[in-house]
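Undergrad: Below you will find the structure I want to go over with you.
The values are calculated or read from the model by the stated rules, or taken from the named source; none is laboratory data. Since the model is a prediction, treat every value here as computed from it, not as a measurement. Here Cβ is always computed from backbone atoms with ideal geometry, including for glycine, and neighbour counts include all displayed protein chains.
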Amino acid sequence: MRKRRLSQSIPPETDGEQRESQKDHSQSANQRQQDRKKHRQHVLRAGLAVVAGRAAGAISRRLHLGGGTSIVGIVAQRIYPEIIEHLATQLECGSVIVTGTNGKTTTSGFIAAILRNSGLRVWHNREGSNLMRGVASLFVICAKPNGQLRRSGRRAISILEIDEATIPQIVKVIEPRVAVFNNLFRDQLDRYGEVDSIISHWREAISQMPASTILVLNADDPSIAHLATGFSGKVLYYGIDDPSLDLQRQHANSEQYQVSDARTCSNCGREYTYDLRFYSHIGHYHCTNCGFHRPKPDIRAIQVQLDSFDHHRITIEHTAQQHEIIVPLPGLYNVYNALAAITAAHALNTDWQPIITGIEQSKPAFGRGELIQAEDRTIRLLLAKNPTGFNEVLRTLFSEGISRHTLFILNDNIADGQDVSWIWDVDFERAVGHTQTLVVSGTRALDLAIRLKYAGIPQKEMTIIPHMPLKGERGTHQTRQQRGANKNQKERQTLPDSEQINSQIANSYGLKSALDTALQQTPVGETLFIVPTYTGLLAVYRELEQRSLTPHFWEGKEA
Amino acid sequence: MSDGFIQPLTLILGHLYPDQLNLYGDRGNILTLRRRCQLRGIELRIVGLGIGDALAPDEYDMLFIGGGQDKEQAPVAQDLHEMKGIGLWAAIEDDMPVLAVCGGFQLLAHYYRPAEGPDMQGLGVFDAWTIHKGARIARCIGNIAIRWNGQTLVGFENHGGRTYLGTAKPLGKVLKGYGNNAEDYTEGAVYRNAYGTYLHGSLLPKNPHFADYLIKLALQRKYRSEFHTGQEKLEELNGHTHIDQVPVNNSQQLERTTGNIVPSLLALDDLLEWEAHASILERLGLHSEAVAVLATQRTRKG
């Protein structure tokens, strides 16, 4: 209670008024004294916020209430709402913010690696801590009880991955040196509303940025490139200039389904015309009506070559100089993430050497192609949380024509989006005939199983393991287990006993058994590809953690 | 055997604005109709009708229109009036089955009044209108179950506008969820064989009975005249002649009932669909409905 009273006793508005009224007698000793007093109060509050936040975090961890990261920020902000502003301004090299539907975590990871290589001290919020409280937590954890950042100043920089809808709030408290906008796809429509509402959030935020901020924009995403209109500061674009990646050339004969989330010109509403299209609405576009077109990128990949599953060799051209870089991650989307990071580093005047080593030595971020060894098998985690993300994961998985062992997890928790209709916009037809084994799990396993069935994967080729049994099935002898999710009905009726064998396979519910089943079905020495939605990924992680296969990963708890 | 009428049943589905109105997995409805026809040896051809295309009612047997963003809905509304309005009206008056989901539903009512800006004129097929009461009023978002024809329909709704029915009949009564306006427990609207609804998720995959109902309406409408004109043709349609051409369990069976001729569709193994249906009912706390659904499926099997 005392803390609350303290925070109320110094409302920030009166600070500003006092400062103005005191300008007149600016040299008076009286005022200097008051200034010092005010400063002391700020420091005191910041310090108190830091101590209280970190104490709350420690207690929460000790009591196993959760990861104990978000609580730090929540408590600290409660005590001192301007805590982020107070601490962020102490960074000598300022802040970089990264946002977009897909690739925030990987891109900010790349930037952090590059800047560390260049000798900066980097503070980087992790996956899932990308709301205001997560950013506050990051700073508070790095702060001392006197309200100062640890070893503050001295070549310190923060790389902040920010949720799409949080951008306007963060820009109010931090003046970013560089702001990276990656891409915009439909994602969690039940949470964010329509795709267009994100654009208006971002426009509002950009209008508040000072002209000293450098915008780093994806030239190949029309909604992102269009954000530059009306911005008075410097803008750097990145993009891909390799025509061999065009979808039509790659899949001239096969039926392709691509969801486009930016079909019409942001200026005039006419449909874009594409010269090249890499995926979804990403490519080389122009508007035949008003002339809006893809800007010429400052950093451009003139050649992208896939050497192996997670090994892209890209040639980058910048002011007539060429550099070859290996991107050690799967998927074309990660080439874009690397380009975004390179461009952001370039905006901060980083040399090429740390850029190249930073990218090449990067490990996959949490669940983004990450490799884990388990029971003599390799697990590869590929997060897929929206139609375009899922489409690109499927393309990455099945483009080489190799059959894969797969576990799909579809959840509909708040962090995933409660509306799962987006799975119908995913091109699962691509997986048909390429899944050597397939387990379907999650809170919406049944929805996903129907989707796969309608894509043309026979039901007997999948093992469906929902998170829990239907209550309506309780007490009836013919439960899901006994059906084994496999047999057609005639066999089921005539051969009740043989079902018992099958029931070994799918005799269970929940993620644990889904993971067990998927691992069992994967032969020793082979790779199991797990494609989960966001909370599915967290659950897989927790499960692997309990088997001591992964390090603790508390950060994920927050989102 | 005469050579006159040996051909598989064919239906043509007109998909209105597939590029503009596809926000909430509307493709799922199309894929469902296609697959459920395919499994019965019915050929379902899908024709996309974009902006600028005219709608000739004789060319189609079914129409589908999905939902989109407000930005995309405005040019669609204009096109619907100018290019397709008369054709659509004619089709609906001729009992063509039409499914309109979310934005499409709003466009088939009288008007959509956005929070800002001018009204968007609809076709007025349904005597209903939609008002968006501003950003401060919460959107209707979440899982929903309604009672339709003594059965349940489940889906997901996500709409800012509230729809109020005039003389239009609702599609169903809301059991759990918001429905048209979160006030009067109505959901959707029906006029002849045109169905408007807010349910997506997608609607048809988890509601196979509704998908089959639409297919039946289309078959009935298309082949009714032929059933009446010649007994011979009916016999042929009844699976006797084209049985050689299509695998047995894929062939379409048409049964004659007293007076009217109603095609009855081959039953499919929909257990997975019904389990998904029941799991949504259970999530909404509608346990007795869920039990009923599962029991029906089991007795059907037994």
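Undergrad: Within region B:172-183, which residues are more than 13 Å from residue B:109 (Cβ to Cβ) and outside any strand (DSSP E or B)?
TA: Here is the first cut: in region B:172-183, the residues more than 13 Å from residue B:109 (Cβ to Cβ) are B:172-179, B:182-183.
Listed by number, the residues that qualify are B:177, B:178, B:179, B:182, B:183.
Undergrad: Follow-up. Against the definition (outside any helix (DSSP H, G or I) and modelled with pLDDT of 55 or more), how does residue B:259 come out, yes or no?
TA: no
Undergrad: Which residues, counting only those in region A:363-385, are touching a strand residue (DSSP E or B) at 6+ places or on another chain (Cβ under 9 Å), among the hydrophobic types (A, V, I, L, M, F, W, C) and touching a residue at least 40 places away in the same chain (Cβ under 8 Å)?
TA: Across region A:363-385, the qualifying residues are A:366, A:372, A:374, A:379, A:381, A:382, A:383, A:384.
Undergrad: So, one more: Is it the case that region A:265-279 has a residue that's within 14 Å of chain B (Cβ to nearest Cβ) and farther than 29 Å from residue A:199 by Cα?
TA: No, region A:265-279 contains no residue that is within 14 Å of chain B (Cβ to nearest Cβ) and farther than 29 Å from residue A:199 by Cα.
Undergrad: Out of all the residues in region A:386-409, is one or more surrounded by 22 or more Cβ atoms within 10 Å (Cβ to Cβ), in a loop (DSSP other than H, G, I, E, B) and in contact with a strand residue (DSSP E or B) (Cβ under 9 Å, 6 or more places away or on another chain)?
TA: no
Undergrad: Taking the stated definitions as given, is residue B:186 more than 13 Å from chain A (Cβ to nearest Cβ), closer than 26 Å to residue B:280 by Cα, among the polar types (S, T, N, Q) and without any contact (Cβ under 8 Å) to a residue 24 or more places away in the chain?
TA: Considered against the rule, which asks whether it is more than 13 Å from chain A (Cβ to nearest Cβ), closer than 26 Å to residue B:280 by Cα, among the polar types (S, T, N, Q) and without any contact (Cβ under 8 Å) to a residue 24 or more places away in the chain, residue B:186 comes out as yes.
Undergrad: Could you tell me which residue of region A:350-385 is surrounded by the fewest Cβ atoms within 10 Å (Cβ to Cβ), considering only residues that are in a helix (DSSP H, G or I) and among the polar types (S, T, N, Q)?
TA: A:353
Undergrad: Applying the selection to region A:286-324, what residues are over 27 Å from residue A:368 (Cβ atoms) and in a strand (DSSP E or B)?
TA: A:286, A:293, A:321, A:322
Undergrad: Also, I was wondering about something else. Of all residues in region A:77-97, count the ones that are under 25 Å from the mean Cα position of the chain (by Cα) and at negative phi.
TA: To start, the set of residues in region A:77-97 that are under 25 Å from the mean Cα position of the chain (by Cα) comprises A:77, A:83-85, A:87-88, A:91, A:93-97.
Pick out the ones that are also at negative phi and you get A:77, A:83-85, A:87-88, A:91, A:93, A:95-97.
Matching residues across region A:77-97 total 11.
Undergrad: While we're here: Within region B:27-39, does at least one residue satisfy the condition of being under 23 Å from residue A:450 (Cα atoms) and touching a Ser or Thr at 6+ places or on another chain (Cβ under 6 Å)?
TA: yes
Undergrad: Select from region A:397-415 the residues that are modelled with pLDDT of 90 or more and under 19 Å from the mean Cα position of the chain (by Cα) and list them in ascending order.
TA: A:408, A:409, A:410, A:411, A:412, A:413
Undergrad: Same structure, new question: Output the number of residues of region A:226-238 satisfying the condition of being over 20 Å from the mean Cα position of the chain (by Cα) and under 20 Å from residue A:185 (Cβ atoms).
TA: 4
Undergrad: Is it fair to say residue B:92 is under 26 Å from residue A:456 (Cβ atoms) and touching a strand residue (DSSP E or B) at 6+ places or on another chain (Cβ under 7 Å)?
TA: The answer is no for residue B:92.
Undergrad: Sticking with this structure for a sec: Going through A:435, A:388 one at a time, which residue ends up being under 19 Å from the mean Cα position of the chain (by Cα) and farther than 25 Å from residue B:154 by Cβ? Spell out how you get there, then give the answer.
TA: Working: A:435 fails: under 19 Å from the mean Cα position of the chain (by Cα).
After ruling out the rest, the residue left standing is A:388.
Undergrad: What number goes with the only condition from (1) within 9 Å of chain B (Cβ to nearest Cβ); (2) touching a residue at least 24 places away in the same chain (Cβ under 8 Å) that residue A:454 does not pass?
TA: Answer for residue A:454: the failing condition is (2).
Undergrad: Looking at A:339, A:276, A:371, A:332 in this structure, which one is under 30 Å from residue A:531 (Cβ atoms) and more than 19 Å from the chain's Cα centre (by Cα)?
TA: A:276
Undergrad: Residue check: is residue A:165 touching a helix residue (DSSP H, G or I) at 6+ places or on another chain (Cβ under 9 Å) and buried (at least 20 other Cβ atoms within 10 Å of the Cβ)? I'd like the intermediate steps shown before the answer.
TA: Numbers: touching a helix residue (DSSP H, G or I) at 6+ places or on another chain (Cβ under 9 Å): yes; buried (at least 20 other Cβ atoms within 10 Å of the Cβ): no.
Spelling it out, it is not the case that residue A:165 is touching a helix residue (DSSP H, G or I) at 6+ places or on another chain (Cβ under 9 Å) and buried (at least 20 other Cβ atoms within 10 Å of the Cβ).
Undergrad: For region B:189-210, how many residues are crowded, with 21+ Cβ neighbours inside 10 Å, among the basic types (Lys, Arg) and either more than 14 Å from chain A (Cβ to nearest Cβ) or in a strand (DSSP E or B) (or both)?
TA: Looking only at that region, the number is 0.
Undergrad: Given the structure, is residue B:45 basic (Lys, Arg), under 30 Å from residue A:391 (Cβ atoms) and surrounded by 22 or more Cβ atoms within 10 Å (Cβ to Cβ)?
TA: no
Undergrad: Within the bounds of region A:408-429, is there any residue that is away from every other protein chain (no Cβ under 14 Å), among the small types (Gly, Ala, Ser) and either within 21 Å of residue A:278 (Cα to Cα) or without any contact (Cβ under 8 Å) to a residue 24 or more places away in the chain (or both)? Can you show your working first?
TA: Going through region A:408-429, the residues away from every other protein chain (no Cβ under 14 Å) turn out to be A:408-409, A:415.
Narrowing the set further to residues that are among the small types (Gly, Ala, Ser) leaves A:415.
Narrowing the set further to residues that are either within 21 Å of residue A:278 (Cα to Cα) or without any contact (Cβ under 8 Å) to a residue 24 or more places away in the chain (or both) leaves none.
Checking region A:408-429: not a single residue is away from every other protein chain (no Cβ under 14 Å), among the small types (Gly, Ala, Ser) and either within 21 Å of residue A:278 (Cα to Cα) or without any contact (Cβ under 8 Å) to a residue 24 or more places away in the chain (or both).
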